[in-house]
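Peer 1: The structure is given below, and queries will be raised subsequently.
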Amino acid sequence: MSEKLLESQQIFKGKILTVKVDQVLLQNGYRSTREVVFHPGAVAVLPILQDGSVILVKQFRYPVGTELLEVPAGKLDENESPEECASRELEEETGFKALKMEYVGYIYTTPGFSNEKIYLYLAQDLVKTEQNLDQDEILKVEILRPSEVLVKCLDGQIVDAKTLSLVFLAKEKGVI
């Protein structure tokens, strides 16, 4: 299946996102409108300590109006590889470096209207350094046992998609 682009109009360009309204031709001959949010991509990292505990961060998320418990994550900078970004975000947000960073796949966050792709990593063999938050980041580091994280995922205390994806991938791989 595919859709043919007929025309495209950029309606917004910000620091992170570009929004377009596209007219497309469907395979059945009908025209349709697609509102699309373009994103440069991001990474998410599940840091696992030597004792099996995991490091999460709690932060207020303005679009949903509440604090969320999440894995460390962040946007790819221009010309930055996903693994470089994962290492940078891990250290900035948690104050840990990973001697072992394992790529485990990617997710599309909301493919109905956005191309945002988040590359997923497991971080192990962690070394304590210093947290170095961006000026617009306010977050709290939380260290939890794997069983606590799984309960929070299953009972709706953790609702962030990238975090759920990474926790269940790590559980399936037997690393938590």
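The values are calculated or read from the model by the stated rules, or taken from the named source; none is laboratory data. Please read these numbers as outputs of a predicted model, since none were measured by experiment. Note that each Cβ is placed from the backbone with ideal geometry, even for glycine, and that neighbours are counted across all protein chains shown. These area figures cover heavy atoms from the full protein model, side chains too; ligands, DNA and RNA do not enter into them. Shrake-Rupley method; radii C 1.70, N 1.55, O 1.52, S 1.80 Å.
Peer 1: Quick one: would you say residue 105 is in a strand (DSSP E or B), in contact with a Cys (Cβ under 8 Å, 6 or more places away or on another chain) and of a type outside the set (Val, Ile, Thr)? First the steps, then the outcome.
Peer 2: On the way: in a strand (DSSP E or B): yes; in contact with a Cys (Cβ under 8 Å, 6 or more places away or on another chain): no; of a type outside the set (Val, Ile, Thr): yes.
No: the conditions fail for residue 105.
Peer 1: Within region 149-176, track down each residue that is open to solvent by 50 Å² or more (accessible area, probe 1.4 Å), out of contact with any strand residue (DSSP E or B) (no Cβ under 9 Å at 6 or more places or on another chain) and within 20 Å of residue 52 (Cα to Cα).
Peer 2: 151, 154, 168, 171, 172, 174 - these are the residues of region 149-176 that are open to solvent by 50 Å² or more (accessible area, probe 1.4 Å), out of contact with any strand residue (DSSP E or B) (no Cβ under 9 Å at 6 or more places or on another chain) and within 20 Å of residue 52 (Cα to Cα).
Peer 1: Could you figure out which of (1) open to solvent by 30 Å² or more (accessible area, probe 1.4 Å); (2) small (Gly, Ala, Ser); (3) touching a Pro at 6+ places or on another chain (Cβ under 6 Å) isn't true of residue 52?
Peer 2: The failed condition is (1).
So that you can scan it fast, the table gives a plain yes or no per residue for (1) touching a residue at least 40 places away in the same chain (Cβ under 8 Å); (2) open to solvent by 40 Å² or more (accessible area, probe 1.4 Å); (3) over 17 Å from the mean Cα position of the chain (by Cα):
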position	(1), (2), (3)
90	yes, no, no
102	no, yes, no
113	yes, yes, no
118	yes, no, no
130	no, yes, yes
139	yes, no, no
142	yes, no, yes
146	yes, no, yes
